[in-house]
Amino acid sequence: VSVYGSVASTGQGVGDAAKAVQFALAQQGKMYLWGAAGPSLYDCSGLTMAAWRAGGKSLPHSAQLQYNVVKKVSRSEMQPGALVFYGSPAFHVAMYIGGGQVVHASEPGSPVHVASMDGAGGSPISGIGQP
């Protein structure tokens, strides 16, 4: 485990969600850049958009737009691959990987990494959605 709490792979999720989670986890260590959607740099919604593309689903490149198009679920219903949104309106998005953790592209100077879902967005969680 690195200083950012990265993990090699969780194998969490099933089907399309497992593909999305595995893709997102494989991007750990790549740096944040606002507006980037891979393959070497990501912003938060660019990472979740690219990860779900690997899982066979299309999402827009914006945390708020992703919030608008996903099926809202409760914390007790969320599964690996769910998107966790922060702020209102949503300004940050991370991908739930299980065990109370998310993988996300958080801010300039910080690589894609795993973090606690409750501390990841710098603001309270404003919603959870399953693509």
Q.
As an exercise: evaluate residue 85 against (1) among the aromatic types (Phe, Trp, Tyr); (2) open to solvent by 30 Å² or more (accessible area, probe 1.4 Å); (3) touching a strand residue (DSSP E or B) at 6+ places or on another chain (Cβ under 6 Å) and give the number of the one condition it does not meet.
A. (2)
Q) Does the range 32-49 hold any residues that are under 10 Å from the mean Cα position of the chain (by Cα) and either surrounded by fewer than 18 Cβ atoms within 10 Å (Cβ to Cβ) or farther than 16 Å from residue 121 by Cα (or both), and which are they? A) 49
Q. Mind checking which pairs have a first residue in the range 58-74 that is within 12 Å of residue 126 (Cα to Cα) and a second that is part of a loop (DSSP other than H, G, I, E, B), Cβ under 6 Å, 6 or more apart or different chains?
A. 63/90; 63/91; 64/89; 64/90; 67/90
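Given the options 29, 11, name the one that is modelled with pLDDT under 95 and either surrounded by fewer than 22 Cβ atoms within 10 Å (Cβ to Cβ) or of a type outside the set (D, E, K, R) (or both).
Values: 29 fails: modelled with pLDDT under 95.
The match here is 11.
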(Q) With the requirement that a residue be open to solvent by less than 10 Å² (accessible area, probe 1.4 Å), within 10 Å of residue 67 (Cβ to Cβ) and over 10 Å from the mean Cα position of the chain (by Cα), what does the range 88-131 give you? (A) 129
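The values are calculated or read from the model by the stated rules, or taken from the named source; none is laboratory data. For clarity, every value in this text was computed on a predicted model and none was experimentally measured. Counting neighbours? That spans all protein chains shown, and the Cβs are built from the backbone with ideal geometry, glycine included. Accessible surface is based on the protein model in full, side chains and every heavy atom, while ligands, DNA and RNA are left aside. Shrake-Rupley method; radii C 1.70, N 1.55, O 1.52, S 1.80 Å.
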